[in-house]
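Notes follow the structure.
Laboratory data are not the source of any read-out in this text; all were calculated from the coordinates shown. As the structure is a prediction and not an experimental result, all values here were calculated from the model. Reconstructed Cβ throughout: ideal geometry from the backbone, glycine too, with neighbour counts over all protein chains shown.
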């Protein structure tokens, strides 16, 4: 029986082979969800699925694409936003 703090469905179960040869069960946090577009809700490309503590140590260029609205809007919505802005 695992420890009470590990008896949670919010943790994922990972099977690891230990040096002794047997397979051990480790409990890890689930990966965060993908970043979504602020306009249409599509998942953003080029934005890593990482925990905030990992994102803090990442370089700014690794966190989001180098384009206008990078990391906020998907490329389709970004193009549309730029077109709308130039028409005004």
Once you put a point 7 Å from the Cα of residue 58 and another 7 Å from the Cα of residue 84, both along the Cβ direction, what distance in nm separates them?
2.7
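Sort 66-76, 19-29, 37-47 by the packing proxy (mean of other Cβ within 10 Å over each peptide's residues), most packed first.
Numbers: 66-76: 15.3, 19-29: 9.2, 37-47: 13.7.
Output ranking for 66-76, 19-29, 37-47: 66-76, 37-47, 19-29.
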Sorted largest first, the C-alpha extents of the chain along its principal axes in whole angstrom are 66, 25, 19
Which one, 36, 17, 63, has the greatest fluctuation when you compute a Gaussian network model over the chain with C-alpha springs under 10 angstrom?
17
Please give, to one decimal in nm, the separation of the simple spin-label points placed at residue 6 and residue 30, each 7 Å out from Cα toward the Cβ.
2.0
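At 222 nm, what helix-only mean residue ellipticity would the chain give, in deg cm²/dmol to the nearest 500, using -39500 (n - 2.57) for each DSSP H run of four or more?
Details: 3 runs with 23 residues, N = 88.
Theoretical 222 nm ellipticity from helices: -7000 deg cm²/dmol.
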